[in-house]
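Please read the structure below before turning to the comments.
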Amino acid sequence: MDVEFVGKIRRWLKKSKSTVNVLYGGAGSGKSYTMAQFLIFYKLAEGNKRILITRKTNPALKISAYQLIISLLREYNIPFALNKADQTVKVGSSEILFKSMDDPEKIKSAEFNYIWMEEATEFTLDDYRQLRLRLRRQTDKKNQIFLTFNPISKNNWVYKEFFETKHKDVAILKTTYKDNGFLDKEYVQTLENLINEDEAYYRVYALGEFVSLKGMIYSNYEIISEIPDHFDEVIYGLDFGYNNPTALIKIGILDERLYILDEMYERGLTNADLIDQLRRIVESTNSSIYADSAEPNRIEEIRRAGFNIYPANKSVKDGIDFVKRKKLFINQNCVNTIKEIESYKWKQDKNGNVLEEPVKFNDHAMDAIRYAIYTHFTQIRTIETANIDIF
Ligand SMILES: Nc1ncnc2c1ncn2[C@@H]1O[C@H](COP(=O)(O)OP(=O)(O)OP(=O)(O)O)[C@@H](O)[C@H]1O
Ligand SMILES: [Mg+2]
C-alpha cells in the first residue's frame, strides 16, 4: 500500500539524531498524524522497541493518539495485538504503551526507547523531566523523545524550556497548515479567516508563532490537583457543537467557591451520542444543566430524555463580568478548559483597540462555564418558580 506523509515533517523526523525533538506549529499542520505514521513505519519497524505515547489525561489520550494509531494500523493492514485493559499494542517484537500523566505510577516503573508527548503544553515541566528519566531502555538505536503542540502562550513551560533556553541535543521544527496538503478546504478557510477575527490568534493557529497575548479575559483562576470530596451543589454547562467540539463542564459549588471538576470535549457528537454521554457523566438527573439557548430543539430532546436542562442566558459581556468576579479552581485534568482559558482574550481591532467581545475561537468550554455560572446565579429564583422557558 502507498503511504503518503506530510513530507516536511517526515524528512525532519527521519533525519533527526537529537534526543529531544520539538515539533510545534499552527493548527492542522499534520503534526499528530505524521508523528503516528512515523512511529509505526520507522520506529516500530526497527523491532524490539518499547514506545510510550502519552498525554496529560487518559480520556484525551484515548480519543486522540490512541485512536489514531489503532485506526492507522488497521488502515495499513499491519497485524497487531491490542490489550485494551492495559492500553498496550504489540506489533511484531515491538510494543506501544498508551499511558497518561494523570496516573504517573504506571510510567515510573517502565523504560522506553521512544516517547511521544502529544499536546505537550498540557504537561508540566516536572512531567517532562520525569518522562526524560524513563528514556533509557538499551537497544541498538539512540533513544528519542518527541513533543508535539501548538504555541499557545509564552507563559507555558515549553516556551521557557525550548525557546528561551538553548539546550544541546534538541531539534526544533515549526510547521503550519500550509505544509499539510491533506487538509480539507473548509478548515483552511477557518484558519485563514482568523485574520479577520483576531490577529494574535491568527499568528498562533495559522502561522504557528508564539505571541504574548494581550487583553486576557480571565486571570482569577487557579489550577489544582486536589479537589474537595463534597459540594453544596453540582451544576453543568453545555455548549453544543458538531464540527466544533461539544463542551460539557461539571462545576462544583462550595461556600461560594467554584470548582471546574470535569469536562467532556468532543467533536462529531450527534444529539443521541450526547444523551448517551450525559447518562454516563451527569451523576444526578436533578443537577441543573445550562445549555446554549440557540438550540431549543436539542434542549427539548435532552429534557425528554430525563435531564434537568435549561436554556442559558447568553449575554456575553454581563456573563463574563459576572464570572470574572469569582475565583475559579480548575482541576488539572480539565486540559481543554485550561488550554482555552490560557488564551481566552478580548478581540482587538486593526489598531490594537480592545473590543468588548471575546475572540470566537477555542471558546467552547469558556461558553459552557459562563452559561452555567451566570444563568445559575442570576436566574435561579425565576427558574425555580416558573420552571419553564423564560428567555
Ligand atoms: N498523511 C496524511 N494522509 C491523510 N490525511 C492526513 C495526513 N496527514 C494529515 N492528514 C489530515 O490532516 C488533518 C490535520 O492533521 P493533524 O491532526 O496531524 O494536525 P496537527 O498538526 O496535529 O493539528 P493540531 O495542531 O490541531 O493538533 C488530519 O485530521 C488528517 O485529516
Ligand atoms: Mg494534533
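The values are calculated or read from the model by the stated rules, or taken from the named source; none is laboratory data. Given the structure is predicted, the values throughout are model-derived calculations rather than measurements. Here the Cβ positions follow ideal geometry from the backbone for every residue, glycine too, while neighbour counts run over all protein chains shown. We work out accessible area using only protein heavy atoms, side chains counted, and drop any ligands, DNA or RNA first. Shrake-Rupley method; radii C 1.70, N 1.55, O 1.52, S 1.80 Å.
Kindly evaluate residue 284 against the criterion of being at pLDDT below 95 and assigned by TED's automatic domain parsing to the domain that holds residue 333.
Details: at pLDDT below 95: yes; assigned by TED's automatic domain parsing to the domain that holds residue 333: yes.
Considered against the rule, which asks whether it is at pLDDT below 95 and assigned by TED's automatic domain parsing to the domain that holds residue 333, residue 284 comes out as yes.
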Quiz item: List, please: which pairs have Cβ atoms under 8 Å, are six or more places apart or on different chains, and start with a residue in region 144-156 that is in a strand (DSSP E or B) and end with one that is within 10 Å of ligand 1 (Cβ to nearest atom) and of a type in the set (Phe, Trp, Tyr)?
Solution: 147/24; 148/24; 149/24
Self-check item: Candidate set from region 170-189 (those that are open to solvent by less than 70 Å² (accessible area, probe 1.4 Å) and part of a loop (DSSP other than H, G, I, E, B)); member that is modelled with the lowest pLDDT
Solution: 183
Quiz item: Do we have any residue at all in region 278-292 that's assigned to a helix (DSSP H, G or I), touching a Ser or Thr at 6+ places or on another chain (Cβ under 8 Å) and open to solvent by less than 30 Å² (accessible area, probe 1.4 Å)?
Solution: no
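Tally time: how many residues in region 77-101 are polar (S, T, N, Q) and crowded, with 18+ Cβ neighbours inside 10 Å?
Taking region 77-101 first, the residues polar (S, T, N, Q) are 77, 83, 87-88, 93-94, 100.
Right, trim to crowded, with 18+ Cβ neighbours inside 10 Å and you get 87, 94, 100.
Looking only at that region, the number is 3.
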Self-check item: Residue that is farthest from ligand 2 (Cβ to nearest atom) [pool: residues in region 7-20 that are touching a helix residue (DSSP H, G or I) at 6+ places or on another chain (Cβ under 7 Å) and open to solvent by less than 10 Å² (accessible area, probe 1.4 Å)]
Solution: 13
Quiz item: Which of (1) within 16 Å of ligand 2 (Cβ to nearest atom); (2) farther than 27 Å from residue 94 by Cα does residue 147 not meet, given it meets every other one?
Solution: (2)
Quiz item: Filtering region 110-131 down to residues that are without any contact (Cβ under 8 Å) to a residue 40 or more places away in the chain and not aliphatic (A, V, I, L, M), which residue is surrounded by the most Cβ atoms within 10 Å (Cβ to Cβ)?
Solution: 128
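Which one is most open to solvent (accessible area, probe 1.4 Å), of the residues in region 45-65 that are more than 13 Å from ligand 2 (Cβ to nearest atom) and within 12 Å of residue 99 (Cβ to Cβ)? Please lay out each step first, then the result.
Step one: list which residues in region 45-65 are more than 13 Å from ligand 2 (Cβ to nearest atom), which gives 45-52, 54, 56-59, 62.
The next check asks that each one be within 12 Å of residue 99 (Cβ to Cβ); those that pass are 50-52, 54, 56-58, 62.
On the way: 50: 72, 51: 0, 52: 0, 54: 0, 56: 11, 57: 6, 58: 40, 62: 91 Å².
By that ranking, first place goes to 62.
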Self-check item: Residue within region 66-76 that is surrounded by fewer than 18 Cβ atoms within 10 Å (Cβ to Cβ), more than 15 Å from ligand 2 (Cβ to nearest atom), polar (S, T, N, Q) and in the same structural domain as residue 118 (by TED's automatic domain parsing) present
Solution: no
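The rows are residues; the columns are (1) surrounded by fewer than 20 Cβ atoms within 10 Å (Cβ to Cβ); (2) not polar (S, T, N, Q).
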residue: 140; (1), (2): yes, yes
residue: 193; (1), (2): yes, no
residue: 199; (1), (2): yes, yes
residue: 205; (1), (2): no, yes
Quiz prompt | Residue list for region 24-44, restricted to those being assigned to a helix (DSSP H, G or I), near ligand 1 (Cβ under 8 Å from one of its atoms) and open to solvent by 10 Å² or more (accessible area, probe 1.4 Å) | solution = 31, 32, 33
Quiz item: Residues of region 1-16 being away from ligand 1 (no atom under 13 Å from the Cβ) and either without any contact (Cβ under 8 Å) to a residue 24 or more places away in the chain or more than 23 Å from residue 93 (Cα to Cα) (or both), which ones?
Solution: 11, 12, 15, 16
Quiz item: Of the residues in region 199-219, how many are modelled with pLDDT under 90, under 21 Å from the mean Cα position of the chain (by Cα) and charged (D, E, K, R)?
Solution: 0
Quiz item: Taking region 190-205 on its own, how many of its residues are away from ligand 2 (no atom under 16 Å from the Cβ) and in a helix (DSSP H, G or I)?
Solution: 11
Exercise. List every residue pair whose Cβ atoms lie under 9 Å apart, where the two residues are 6 or more positions apart in sequence or sit on different chains, the first residue falls within region 67-91 and is without any contact (Cβ under 8 Å) to a residue 12 or more places away in the chain, and the second residue, located anywhere, is aromatic (Phe, Trp, Tyr) and outside any helix (DSSP H, G or I).
Key: 74/80; 86/98; 88/98; 90/80
Quiz item: Of the numbered conditions (1) touching a residue at least 24 places away in the same chain (Cβ under 8 Å); (2) farther than 20 Å from residue 54 by Cα, residue 171 satisfies every one except a single condition; which is it?
Solution: (2)
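Please report, ordered by residue number, the helices (runs of 4 or more DSSP H) entirely within region 294-352 with at least 3 residues that are closer than 30 Å to residue 199 by Cα, of a type outside the set (A, V, I, L, M, F, W, C) and touching a Ser or Thr at 6+ places or on another chain (Cβ under 9 Å).
Working: elements: 296-304, 316-324, 335-343.
Output list reads 316-324, 335-343.
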Quiz item: Quick one: which helices (runs of 4 or more DSSP H) sit completely within region 58-141 and have at least 3 residues that are within 16 Å of ligand 1 (Cβ to nearest atom) and modelled with pLDDT of 95 or more?
Solution: 67-75
